[in-house]
Structure formats: structure tokens, C-alpha cells
Amino acid sequence: MTSAPEKSDKDFMLTLLLCFFLGGLGAHRFYVGKKGTAIAMILTLGGGIIIWPIIDLVLITTGKFKDSEGRVVKQ
């Protein structure tokens, strides 16, 4: 039997808003502690400007986006 993933201490709504408004700059990834992938987003201009932030928006809204500790960012 597997247990539910631990919930992150990062705020769900702030993560969602950062991704929506500043997703191409990786602001939401900096916020949750994923500095390496945040820098990669900047260098690739958000993975083609919009693709990477859209994928992250879907992950955040479905409760599957994780912080740097592997904990799920969810409401």
C-alpha cells in the first residue's frame, strides 16, 4: 500500500499565479526551489516561450507539480 505524497509548504495559489504571469521566466520554479530548471527555462525562453509553462500549469492545477524536495504543491 502506498501513502499519499507529502504536501509542500509552498503556496498553491502563488505558484499558480507565478506560472501564469511569469512562467516563461521560470518564476514559479525559482519559488519552489527548482533553480536549475528555472535557469533552463530562461535560457530556452520558456521552452519555446510557451510550451514549458503550459505543461507546468497543467501539472500545478492537477496537483502533480512538485517542489525541490519532491513534495506535491497542492491546495
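Is it the case, given these coordinates, that S8 is at negative phi, among the hydroxyl-bearing types (S, T, Y) and touching a strand residue (DSSP E or B) at 6+ places or on another chain (Cβ under 8 Å)? So S8 fits the description; yes.
On inspection, I60 passes the criterion of being at pLDDT 95 or above and not hydroxyl-bearing (S, T, Y).
A count restricted to segment 17-75 and to residues that are on the phi > 0 side of the Ramachandran plot and part of a loop (DSSP other than H, G, I, E, B) stands at 5. A search for C-beta distances below 6 Å between a residue of segment 50-66 that is of a type in the set (K, R) and any residue that is modelled with pLDDT of 95 or more, counting only pairs 6+ apart in sequence or on different chains, returns K66/V72.
Looking only at residues in segment 16-42 that are in contact with a Phe, Trp or Tyr (Cβ under 6 Å, 6 or more places away or on another chain) and either touching a residue at least 60 places away in the same chain (Cβ under 8 Å) or of a type outside the set (G, A, S) (or both), the one that is farthest from F65 (Cα to Cα) is M41.
The values are calculated or read from the model by the stated rules, or taken from the named source; none is laboratory data. Bear in mind the structure is a predicted one, so any value in this text is a computation, not a measurement. Quick reminder, even Gly has a Cβ in these numbers, built from the backbone with ideal geometry, and neighbours come from all protein chains shown.
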